[in-house]
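The numbers here are math on the coordinates, done by the rules we state, and not lab data. Because the structure is a prediction, the values reported are computed rather than measured. Cβ sites come from the backbone with ideal geometry, for glycine too, and all protein chains shown count toward neighbours.
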Amino acid sequence: MPVYGAKKVTNLLRSFPEAALNPKIALLWLNGGLGIRIDDEAGGPSLISLVVEDGRIARIFAMRNPDKLGHLEEETQLVR
C-alpha cells in the first residue's frame, strides 16, 4: 500500500526500528542508487531503495519477500 506525504512517510520509517528485533542497519548501493538493508531476528532481510530528486527523497521502494531476497547471502561475481 503506497504511503504519500512527508509526515506519513517519516512516521512510517520511525516505526521500523521498534518493529524489528535487534535490527542491524547498513547503507548500500542498490540498483544504482542509495539503499538500506535491515536484518533482524524476526524474519530475515529487508531492502529499502531510496530515489533522491533535487536533494530530497522522492520515492521509497521496500522489499521483504524472502523468496526474492534469499540470494543476498550468496557472493556474486560482477562481470562486464
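Above 16 angstrom, tally the Cα pairs of segment 6-66 and express them as a % of all pairs, no decimals. Within segment 6-66, distances greater than 16 Å cover 48 percent of Cα pairs.
Placing +1 on the Cβ of every Lys and Arg and -1 on the Cβ of every Asp and Glu, with nothing else charged, gives segment 6-66 a dipole about its Cα centre of roughly 200 debye.
The distance between label points at LEU78 and ALA62 comes to 2.8 nm (points 7 Å beyond Cα on the Cα→Cβ vector).
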